[in-house]
1. Using Cα pairs under 8 angstrom and six or more residues apart, how large is the relative contact order of the chain, in percent?
2. Mind giving me the FRET efficiency for Trp4 and Ala43? R0 is 25 Å, r the Cβ-Cβ distance, nearest 0.05 is fine.
3. Give the Rg (one decimal place) followed by the Dmax (whole number) of the chain, computed from C-alpha coordinates and expressed in Å.
4. If a paramagnetic tag sat 7 Å from the Cα of Ile28 along the Cα-Cβ line, which residues of segment 65-101 would have the backbone N under 13 Å from that point?
5. Using a basic spin-label model with each label point 7 Å from the Cα along Cα→Cβ, how many nm lie between Arg36 and Asn82?
6. Dipole magnitude of the chain about its Cα centre, charges +1 at Lys/Arg Cβ and -1 at Asp/Glu Cβ only, in debye to the nearest 20?
Amino acid sequence: MRSWRDKGGDPDVMGRVPAMLVENGFRIEHMQAHQRIARGSDAMFAWPDTWWRTFAPKLVAMGQLAAADCEQLLADLTTIKNSVSDFVTCPTVYEVIAKKI
C-alpha cells in the first residue's frame, strides 16, 4: 500500500467513490463487493500468483520488503499451487452502477 501511495496512487479509493458519484450528480443504483478465494488448482489462482511473483521482487528493490520475506512469499505461493486444500484470498472487486441524474 505504501509503495502505491508513494507514487500518487490510492489503494483505498473505493471507500470514497460512492460519495464522489453522489457529489457529482449520480444516483447509485447498485453496489456489490465480490470476494473470491483461489486454490492452487483454480484458474483464479493465476491472478494473485502472477501479481506477487512480479510485484514482490519490486518491493524488495524499493526497500519496502525484506528479501527473506519475499523468498518466503514465493515459496508459500508454490506450496499453495501444489496443495489440494490451501488457498489465498483474492483482492475484493467492487461493482458500482450509477446513473447520472
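Here, each number is a calculation from the coordinates, and none is a lab measurement. Being a predicted model, the structure only gives us computed values, none of them experimental. All Cβ positions, even for glycine, are placed from backbone atoms using ideal geometry, and neighbour counts span all protein chains on display.
1. Numbers: 109 pairs, mean separation 45.5, N = 101.
Across the chain, relative contact order equals 45 percent.
2. Once the sixth-power term is evaluated, E becomes 0.45.
3. 17.5, 53
4. Within reach of a label on Ile28: 94-99.
5. For Arg36 paired with Asn82, the spin-label model returns 2.5 nm.
6. Working: 12 positive and 12 negative charges, 69 e Å.
Once rounded to the nearest 20, the dipole reads 340 debye.
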